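To start, the structure itself, in structure tokens.
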Number of protein chains: 2
Amino acid sequence: MTMSQPQPWELQARKAKNILENSIPRQWLLPDDKLPPADEKSVMDFPRKSGLLTERELDITELSATALVEEMGADKLSAEEVVVAFLKRSVLGHNLFNFATEFMADKAIARAKELDEYYRKTGELVGPLHGVPISVKEHVGIQGLTCNAGFVAWVDQIATEDALLLQCLKKAGAVFHVRTNQPQSLMHLDCSNNLTGTTLNPHNRTLSPGGSSGGEGASTGFKCAPLGIGSDIGGSIRAPAAFCGSYGLKTTALRNPLGGVRAAGGGQESIRGVLGPLASQSIEDLELFQQVILDQEPWDTETSLIPMPWRRIRPTRDITVGIMWDDGTVCPHPPIIRALQFAKEKLIAAGIKVVDWEPYKHDHGWDIVSAMYFADGTESQQAILKESGEPYRPLTKWAFQYSSGTPLTVSENWALNNARDRYRDEYHALMKSHGVDFILTPTYLGVAAVLGEPQYWNYTAIWNILDLPAVVFPSGLVVDEELDKAEEGYQPRNVVDEREWKKYSPERYVGAPIALQLVGKRFKDEEVLAAAKVVKGVLNADASRKMN
Amino acid sequence: MTMSQPQPWELQARKAKNILENSIPRQWLLPDDKLPPADEKSVMDFPRKSGLLTERELDITELSATALVEEMGADKLSAEEVVVAFLKRSVLGHNLFNFATEFMADKAIARAKELDEYYRKTGELVGPLHGVPISVKEHVGIQGLTCNAGFVAWVDQIATEDALLLQCLKKAGAVFHVRTNQPQSLMHLDCSNNLTGTTLNPHNRTLSPGGSSGGEGASTGFKCAPLGIGSDIGGSIRAPAAFCGSYGLKTTALRNPLGGVRAAGGGQESIRGVLGPLASQSIEDLELFQQVILDQEPWDTETSLIPMPWRRIRPTRDITVGIMWDDGTVCPHPPIIRALQFAKEKLIAAGIKVVDWEPYKHDHGWDIVSAMYFADGTESQQAILKESGEPYRPLTKWAFQYSSGTPLTVSENWALNNARDRYRDEYHALMKSHGVDFILTPTYLGVAAVLGEPQYWNYTAIWNILDLPAVVFPSGLVVDEELDKAEEGYQPRNVVDEREWKKYSPERYVGAPIALQLVGKRFKDEEVLAAAKVVKGVLNADASRKMN
């Protein structure tokens, strides 16, 4: 009898680790002694220090998808050198914060060569994403590769075809170079599982990159890819984008295709998840992604989608922005309040109409959405966990207690559907009656969560239950230990507020960028992106001045 | 102890009867001896014989909504005389086939006078439905009136506001003059309840008017209203339209508003019911109805709707029509086959591309949809029935056995949702690969059902589970005892086929018009109406020649 005999689930989990390790392009791995020490929090400046990337490669990885395509269309860059640059940065990033589940270097380079060949022959780009490297959250299926969705039990599951979203992106010229990490069960705002472990935040490696698309947050935040694909049913695109200083869009449901995505509890429709983009550089890139997808009319294959073409919208300053300072349950941490205050001043100075927005029954919204996440009493999730015998991660247990533990009856589910629709109608009527076009709000109560700590979802989940599109972008500000001191003698309003308040002291979040979230009306995805460009533009002008 | 002591439910049900009887405008009631004998099957020619309506009133009631509005806009008709004409015809019809649940004569006439006043003052119409009388299925709520949805237990329920659909129609100038009958539970393709009894088919009073919008079928079939409002989750607009020789549209789900409609099992979303129009005269009127509703952007109030404006489509003959002769389970009765054959010949002669369409797994579709109708194991329906103690109508029991009798678990429901979406995708892919734009098919296995006999739903329900828009219109043919003889020695293919075949002999259906159903692609409601105009136009030209 050996004490160290691995459990069957560990043997199974090791397969995922092997897939990852065998996929890493060894030629770009730095020896451990060339890496920053493990206790160095921010690794954001390491690409330049590392010596792994050339100046030209560093410059390439600083470009947006839009700019990359322009450069390739002007014959100034080849698809091959672009993907190699991002692959090198990805390998480096993976060494630093463990964000990948599988590299696809050979296939990506081969595809890039094909694109270059096509361009040399025709003088034309394959499509509007010609040669753009895109990182892909693991549970988005890729033909012939495993797809475990964060479960040890699913480590042998092979996708029989590419997810429809990937098919659309591929047709437009995209190159998939790396698959990225996600938490067990996909239901954490963190990124930790029993397969390939825990992903860290590149801005501060004691922080979470957010979740569940944490690998994508880290990927785009560190510029391992100009665009990434995440999924969001409670904040899983937006929290990572916010925590990692990148951009993210949660669309209205049923716009982007979902076919070929693996997750527990398929067929649940009361609260719908979406696939959507994260971007390292700009809101324009989120828009480009959406255009590429919807211009291909995915509803002609996946008929549950709404056949609504992507509309080209001109940004306008003739908008009314409601600022929601607080959701009434948990008071945001000081840096968030500071960023909202900053945004308010700059928007007003830019002549944009700003009003305060009172949250309308967000606790009621949470009651509905949290009951819907696991309407089956977590049965489908637990069955998969029990199949392998893998241990429950703490945040899996945390999420499961949203459920009463017993399945809802269909009648109870119907009553919740009714409550949801009533709530949506009321919220919309309120926005109309106040003349509010967009709501500017925190993405999370704080700038990020310390690893293992994200517990409060409702700054993002509320927009899932309301099915309103929401875009996240960096305010341009970062945590400042002087400006963002904890409020002395704050009296928490409830136990949740107290729990979250206790997590705050500015030094815990040092280096973290401060994000904001802009929310629009249902199916006005185009408008919310256009408005976010306006808002970001106004903030940027000031933020860059401030940084000088 | 008296034998005849009424049951509590009978006392309760009597209230509905009292509401009806007190609402009938007495001045237009004919004495029994002026009515045709009860055993006279068709009463279609009675309006002219009755002496109740003037020549001018008869002419008015023969006009379409579109024509009525034109005439009122040219000052050739007043709204008041229009509504009086239709009210008189409605009272007459009600005497003959019991289709009303409540008349609203005084309010309707007062409203018409207001419209006339507005027109006199401004020279303009209030809107595109100015002065058009519309009959309304009872479960569509009207402010201040009871709304029982076919249940004795609900006879005291008062609607607190008009259904959103009615609000839209009212704004456009519509006048609601009569509310119409529906079956117990709303889940029969027939029209019989314990409140106001059984509605008959005006073409043959031994036949059902169809259901559940049977009152609307009878209303539009007899021209008691140029337009009516029905609802459809399995054929409830289309069966009545077909059985009664009128026109009906089941839209794609989530286009027309549903707010303010009362039914058991609210919040069930796996199979969605829709509200939609029936029309006495034309497909153009169905189109007018849809334009009026969607031009008002109801999604800005009822946010679960798809914000998809009504598109103006030019009819084109450049279409491919697949003819589905048979659904593979129940062979249609001879008159239906004859009408399809007639349509095929005329379409080909008109240069329209016609192919045969093989039904694709319609039995599988039925397995899914029938399980979804009562996913709660009929609990919500039975609770309402038990509340009053009213007896179950035979067709209520019939429908309830679609359910296993025990509620589905949410997980089972999710699996069915997945199966439904897969089936929809497959069906759509098949239509695309065959180049079929529209499917021309029976609405029901026969021209109508004898009262109490409609048991087979799947010529309509299949398009509910597929969520494809479908329009029903008269072929122009009627049952002919010579041409439509039963096939000698037919070998039924299964017990259901046998059951339905045994119901056929041409003399049972004498007088019944033969309808056809045209089905289009999801969200192509506009296209299916445009194509139905083309098909109907082609058939009409021939049908009228044939009739000469």
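Observations, loosely collected:
- Residue count for segment A:482-506, restricted to those that are assigned to a loop (DSSP other than H, G, I, E, B), open to solvent by less than 70 Å² (accessible area, probe 1.4 Å) and not aliphatic (A, V, I, L, M): 8
- Screening A:ILE336 against (1) surrounded by 20 or more Cβ atoms within 10 Å (Cβ to Cβ); (2) away from every other protein chain (no Cβ under 14 Å); (3) not in a helix (DSSP H, G or I) leaves a single unmet condition, (3).
- Residues in segment A:507-530 that are outside any helix (DSSP H, G or I) and within 27 Å of A:GLN291 (Cβ to Cβ): A:PRO513, A:ALA515, A:LEU516, A:GLN517, A:LEU518, A:VAL519, A:GLY520, A:LYS521, A:ARG522, A:PHE523, A:LYS524.
- Test result for B:GLN167, at negative phi and either touching a helix residue (DSSP H, G or I) at 6+ places or on another chain (Cβ under 6 Å) or part of a loop (DSSP other than H, G, I, E, B) (or both): no
Here is a yes/no grid of residues against (1) crowded, with 19+ Cβ neighbours inside 10 Å; (2) more than 22 Å from the chain's Cα centre (by Cα); (3) farther than 20 Å from A:GLY266 by Cα:
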| position | (1), (2), (3) |
| --- | --- |
| A:HIS130 | yes, yes, yes |
| A:ILE134 | yes, no, yes |
| A:HIS139 | yes, no, no |
| A:THR146 | yes, no, no |
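- Qualifying residue in segment A:318-326 (condition: more than 22 Å from the chain's Cα centre (by Cα), more than 15 Å from A:PRO469 (Cβ to Cβ), open to solvent by 30 Å² or more (accessible area, probe 1.4 Å) and β-branched (Val, Ile, Thr)): no
- Unmet criterion (only one of (1) open to solvent by 50 Å² or more (accessible area, probe 1.4 Å); (2) among the aromatic types (Phe, Trp, Tyr); (3) facing another protein chain (nearest Cβ under 7 Å)) for B:TRP414: (1)
- Considered as a group, the residues in segment B:339-369 that are within 21 Å of B:VAL274 (Cβ to Cβ) and open to solvent by less than 10 Å² (accessible area, probe 1.4 Å) include one that is nearest to the other protein chains (Cβ to nearest Cβ), and that residue is B:ILE368.
- Each residue in segment B:66-84 was checked for being under 26 Å from the mean Cα position of the chain (by Cα) and charged (D, E, K, R), and 1 of them qualify.
Residue-wise test of (1) among the small types (Gly, Ala, Ser); (2) surrounded by 24 or more Cβ atoms within 10 Å (Cβ to Cβ); (3) out of contact with any strand residue (DSSP E or B) (no Cβ under 9 Å at 6 or more places or on another chain); (4) away from every other protein chain (no Cβ under 14 Å).
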position: A:HIS428; (1), (2), (3), (4): no, no, yes, no
position: A:MET431; (1), (2), (3), (4): no, no, no, no
position: A:LEU445; (1), (2), (3), (4): no, yes, yes, yes
position: A:LEU451; (1), (2), (3), (4): no, no, no, yes
position: A:PRO454; (1), (2), (3), (4): no, yes, yes, yes
position: A:ALA470; (1), (2), (3), (4): yes, yes, no, yes
position: A:VAL478; (1), (2), (3), (4): no, no, no, yes
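- Filtered residue count, segment A:433-443, keeping only those that are open to solvent by less than 10 Å² (accessible area, probe 1.4 Å) and either aliphatic (A, V, I, L, M) or closer than 21 Å to B:PRO298 by Cα (or both): 3
- Highlighted here are the helices (runs of 4 or more DSSP H) found entirely within segment B:358-408 that include at least 2 residues which are farther than 30 Å from B:ASP437 by Cβ and touching a Ser or Thr at 6+ places or on another chain (Cβ under 7 Å): B:379-388, B:394-400.
- Look at segment B:6-19: where a residue is at pLDDT 95 or above and a partner is among the acidic types (Asp, Glu), sitting 6+ places away or on another chain with Cβ atoms under 6 Å, you get B:TRP9/B:GLU390; B:ILE19/B:GLU102.
- Among the residues making up segment B:494-535, none is over 25 Å from the mean Cα position of the chain (by Cα) and either at pLDDT below 95 or within 28 Å of B:ILE306 (Cβ to Cβ) (or both).
- Applying the set (1) open to solvent by 20 Å² or more (accessible area, probe 1.4 Å); (2) touching a residue at least 60 places away in the same chain (Cβ under 8 Å) to A:THR180 leaves exactly one unmet item: (1).
- Residues in segment A:383-411 that are within 12 Å of chain B (Cβ to nearest Cβ) and either surrounded by 14 or more Cβ atoms within 10 Å (Cβ to Cβ) or in contact with a helix residue (DSSP H, G or I) (Cβ under 6 Å, 6 or more places away or on another chain) (or both): A:SER403, A:PRO407, A:LEU408, A:THR409, A:VAL410, A:SER411.
- Restricting attention to segment B:520-533 and to residues that are more than 14 Å from every other protein chain (Cβ to nearest Cβ) and closer than 18 Å to B:MET324 by Cβ, the residue that is surrounded by the most Cβ atoms within 10 Å (Cβ to Cβ) turns out to be B:ALA532.
The values are calculated or read from the model by the stated rules, or taken from the named source; none is laboratory data. Keep in mind that this is a model prediction, so the values were computed, not measured. Cβ: placed from backbone, ideal geometry, glycine included. Neighbour counts: every protein chain shown. Each accessible area value is taken on the protein alone, full model and side chains, heavy atoms only, with ligands, DNA and RNA left out. Shrake-Rupley method; radii C 1.70, N 1.55, O 1.52, S 1.80 Å.
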